[in-house]
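First up is the structure itself, then whatever we jot down about it.
The values are calculated or read from the model by the stated rules, or taken from the named source; none is laboratory data. All of these numbers come straight from a predicted model, not from anything done at the bench. Counting neighbours? That spans all protein chains shown, and the Cβs are built from the backbone with ideal geometry, glycine included.
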Amino acid sequence: MTLIKSISGIRGTIGGAQGDNLTPIDAVKYAAAYGMWVKQQRQKENYRIVVGRDARISGEMIQQLVMNTLVGMGIHVVDLGLSTTPTVEVAVTLEHADGGIILTASHNPKQWNALKLLNHEGEFLNAEAGQEILDIADSESVSFAEVDHLGEISKNDAYIDLHIEEILNLPLVQKNAVEKAGFKVVVDAVNSTGGIAVPLLLEAMGVHPVKLYCTPNGQFPHNPEPLKEHLGDLMEKVKAENADFGIVVDPDVDRLAFVDENGEMFGEEYTLVAVADYVLQNTPGNTVSNMSSSRALRDVTQKHGGTYTASAVGEVNVVTKMKETQAVIGGEGNGGIIYPELHYGRDSLVGIALFLSFLADEKCRVSELRKRYPSYFMSKKKIELTPELNVDAILKQMEEKYASEEINTIDGVKIDFAENWVHLRKSNTEPIIRIYTEAKSQTEADDLADRFIAEIAEISKN
């Protein structure tokens, strides 16, 4: 079963059986349910929804199905074509639209695709709204427009440029200083839409981009999740080009990681830490990241006199907590930067612009910047779900077993030990249990993860 309906949207593999995979029928079903939900929420005469996609092979097919379903409901569609998740989010607000749909399965391999759904503020739906859409889909109570009241599709391919323009207008983005620094940067965009957007941003800031896998054809040259084990080509290219650093984004450009001038990983978790350091230096305040993110953000926040808060995993949960705490910067440790000054969504483009501004400001190398931050090491492992695994029961037993430690159960089970932590949770986007750990060395983090994998295996036998 590879059709996953969750807080992160409707996600599945292309082909196969209806209801078990993301088939054309499922795409139409959930697009219609979303369109119905938008009408119920907005209660107005004319409706407008923004639709964009990453460069997946199945993207154009799914987009045509989704857009024409909305047209059949009498909804006007703004077609961004090849775009990025943050660009669609920005476009929803600039268009004063009633919602948005991004067709992307983020870091998942090419056989996957998804409908990621936005509200009229260009933000991901919360769990309650998501459930309402699933209920509408199950009830089959969608009604379509009569022939004289069908919607229309208008194409607008200017929004990546408009998104970049909005970024360059931010007070903390120092275009002139970056241009003067004369950076040379290698870009790995896994042959998706980052290959369009990231070089355009770099050129607008006076940076020389060296393109690696920037052809938006959906043929991912490596696993699209921006982790060290997938980025050997980028690491080699940075050294071969004598570049200042390397950038990698995921297919829909909401996750961001860096490689330093020596071809070494800056650390996916430290993307947010470094950008937050820069933002907090200039605009002191609070920060938020999810429970699976590094303690390093807490340390940097406290250094600048702010308060750090952890949220449940999921962008919408981070955003909710950021609004509650009036955070000036936040995001997720997987390389997701949320900068409210622009919009409440993970945005690699604004992350790149702020990181470049920080480097130009500090006049230092990327490797030197990394040494400023406390060294925590993370292990990110997973267990494939099988029918006999009762995840809720396993997590409950773990909670009881470690009751004497600091426990947080707002999202799975997080156990904080004195020198390290482990977070166990069922994924929203894949049929797996995620096991994240953090410690003072990589060996310790890996060993801790392996220990809990073994404990889960033992529990599942009983």
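Checking every residue in segment 412-428 against the condition of being in contact with a Gly (Cβ under 6 Å, 6 or more places away or on another chain), closer than 22 Å to residue 5 by Cα and of a type in the set (D, E, K, R) gives at least one match.
Does residue 320 satisfy the criteria of being under 17 Å from the mean Cα position of the chain (by Cα) and either assigned by TED's automatic domain parsing to the domain that holds residue 407 or within 19 Å of residue 377 (Cα to Cα) (or both)?
Spelling it out, it is not the case that residue 320 is under 17 Å from the mean Cα position of the chain (by Cα) and either assigned by TED's automatic domain parsing to the domain that holds residue 407 or within 19 Å of residue 377 (Cα to Cα) (or both).
Among the residues in segment 126-140, are any surrounded by 16 or more Cβ atoms within 10 Å (Cβ to Cβ), touching a residue at least 60 places away in the same chain (Cβ under 8 Å) and more than 20 Å from residue 37 (Cβ to Cβ)? Checked against the condition, which is being surrounded by 16 or more Cβ atoms within 10 Å (Cβ to Cβ), touching a residue at least 60 places away in the same chain (Cβ under 8 Å) and more than 20 Å from residue 37 (Cβ to Cβ), segment 126-140 yields no hits at all.
Of the residues making up segment 280-307, those that are under 15 Å from residue 373 (Cα atoms) and in a helix (DSSP H, G or I) are 280, 281, 296, 297, 298, 299, 300, 301, 302, 303. I'm trying to understand the selection: among the residues of segment 228-245, which are surrounded by 18 or more Cβ atoms within 10 Å (Cβ to Cβ) and not in a helix (DSSP H, G or I)? Passing the criteria: 231, 243, 244, 245.
One residue stands out among those in segment 175-189 that are in contact with an Asp or Glu (Cβ under 9 Å, 6 or more places away or on another chain) and assigned to a helix (DSSP H, G or I): the one that is nearest to residue 357 (Cα to Cα), which is 177. Checked against (1) free of Cβ contacts under 8 Å to residues at least 24 places away in the same chain; (2) over 21 Å from the mean Cα position of the chain (by Cα); (3) over 27 Å from residue 362 (Cα atoms); (4) in the same structural domain as residue 264 (by TED's automatic domain parsing), residue 230 meets all criteria but (2). Checked against the criterion of being of a type in the set (A, V, I, L, M, F, W, C), closer than 19 Å to residue 427 by Cα and in contact (Cβ under 8 Å) with a residue 40 or more places away in the chain, the candidates 105, 97 yield just one match: 105. Can you confirm whether residue 436 is buried (at least 18 other Cβ atoms within 10 Å of the Cβ) and part of a loop (DSSP other than H, G, I, E, B)? For residue 436, the condition - buried (at least 18 other Cβ atoms within 10 Å of the Cβ) and part of a loop (DSSP other than H, G, I, E, B) - is not met. Screening residue 192 on (1) buried (at least 17 other Cβ atoms within 10 Å of the Cβ); (2) outside any loop (DSSP other than H, G, I, E, B) shows it passes everything except condition (2). Only a single criterion out of (1) in a loop (DSSP other than H, G, I, E, B); (2) over 23 Å from residue 120 (Cα atoms); (3) touching a residue at least 40 places away in the same chain (Cβ under 8 Å); (4) out of contact with any helix residue (DSSP H, G or I) (no Cβ under 8 Å at 6 or more places or on another chain) is not satisfied by residue 364, namely (3).
Counting only residues that are over 17 Å from residue 248 (Cβ atoms) and surrounded by 24 or more Cβ atoms within 10 Å (Cβ to Cβ), segment 323-353 holds 6 of them.
Candidates are the residues of segment 75-127 that are in a loop (DSSP other than H, G, I, E, B) and hydrophobic (A, V, I, L, M, F, W, C); the one that is nearest to residue 312 (Cα to Cα) is 125.
Considering segment 75-119, and only residues there that are surrounded by 24 or more Cβ atoms within 10 Å (Cβ to Cβ) and hydroxyl-bearing (Ser, Thr, Tyr), the residue that is farthest from residue 21 (Cα to Cα) turns out to be 87. Please determine whether any residue of segment 289-307 is within 27 Å of residue 130 (Cα to Cα) and touching a Lys or Arg at 6+ places or on another chain (Cβ under 8 Å). For segment 289-307, residues within 27 Å of residue 130 (Cα to Cα) and touching a Lys or Arg at 6+ places or on another chain (Cβ under 8 Å): present. Looking across segment 341-361 at every residue that is farther than 19 Å from residue 293 by Cα and not in a helix (DSSP H, G or I), the one that is nearest to the chain's Cα centre (by Cα) is identified as 343. Within segment 147-170, the set of residues being of a type outside the set (A, V, I, L, M), part of a loop (DSSP other than H, G, I, E, B) and free of Cβ contacts under 8 Å to residues at least 40 places away in the same chain comprises 169 only. Could you tell me whether segment 372-382 includes any residue that is loosely packed, with under 15 Cβ neighbours inside 10 Å, basic (Lys, Arg) and part of a loop (DSSP other than H, G, I, E, B)? Yes - at least one qualifying residue is present in segment 372-382. Out of curiosity, is residue 411 of a type in the set (D, E, K, R), modelled with pLDDT under 95, touching a His at 6+ places or on another chain (Cβ under 9 Å) and surrounded by 14 or more Cβ atoms within 10 Å (Cβ to Cβ)? So residue 411 fits the description; yes.
Candidates in segment 146-161 are the residues that are surrounded by 14 or more Cβ atoms within 10 Å (Cβ to Cβ) and of a type in the set (A, V, I, L, M); of these, the one that is farthest from residue 53 (Cα to Cα) is 150. Residues in segment 12-33 that are within 14 Å of residue 63 (Cβ to Cβ) and either of a type outside the set (Gly, Ala, Ser) or surrounded by fewer than 17 Cβ atoms within 10 Å (Cβ to Cβ) (or both): 14, 22, 24, 28, 30.
Selection over segment 34-74 of residues that are among the acidic types (Asp, Glu), surrounded by fewer than 17 Cβ atoms within 10 Å (Cβ to Cβ) and part of a loop (DSSP other than H, G, I, E, B) gives a count of 1.
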